[in-house]
């Protein structure tokens, strides 16, 4: 016969286990929510660009990405959803349309990236982006979107890690009204005095 005191003891142990399990689950959920990724961007950056017969052209680009809000030393932090919205000024767009005969453009871009690791700048591999075909208007600005894998970094120091971009190079493929193509190398230098930070991540020491 099982005594009443033994039944109560067994019930208490089971209740304690359930409470511990529930508490651990809530703690895990809290940790995941606390590290939820967040969208970020650079704001509009200005570049001085050259392509084919076009030189000293002002171009603006806003780089977007998604990054975790927090990380722990030793974590690999990767930017996802890495893309750039690029605006080519109306003068350069008109030259593409009227002088080069371009009716659409596509291509690739190789973007310089670096990480400010708690105050120390660490160069990273370039981000290799693809530019899908975009129509070239006869007047006004040309809008281009480039996207591809973002940079990643293994955190080594507690503090703030800032992912940053620099200049970029690429190949712009222009298609004319008869379907003919021509390729022009593009070189763009980031104008000084701007904050090129795409995303910031707060890194803490291991518990």
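Nothing in this text is a laboratory measurement; each read-out follows from the coordinates by a stated rule. Quick caveat, the model's predicted, so the values are computed rather than measured. Here the Cβ is made from the backbone with ideal geometry for all residues, glycine too, and neighbour counts use every protein chain on show.
Do we find a residue being over 16 Å from the mean Cα position of the chain (by Cα) and at positive phi anywhere in segment 75-98?
no
Can you pull out the residues in segment 133-148 that are in a strand (DSSP E or B) and surrounded by fewer than 18 Cβ atoms within 10 Å (Cβ to Cβ)?
Within segment 133-148, 133, 134, 135, 143, 145, 147 meet the criteria.
Would you confirm, using the coordinates I've provided, whether residue 151 is surrounded by fewer than 13 Cβ atoms within 10 Å (Cβ to Cβ) and under 20 Å from the mean Cα position of the chain (by Cα)?
When the stated conditions are applied, residue 151 does not pass them.
Part of a strand (DSSP E or B) and over 18 Å from residue 44 (Cβ atoms), is that true of residue 174?
yes
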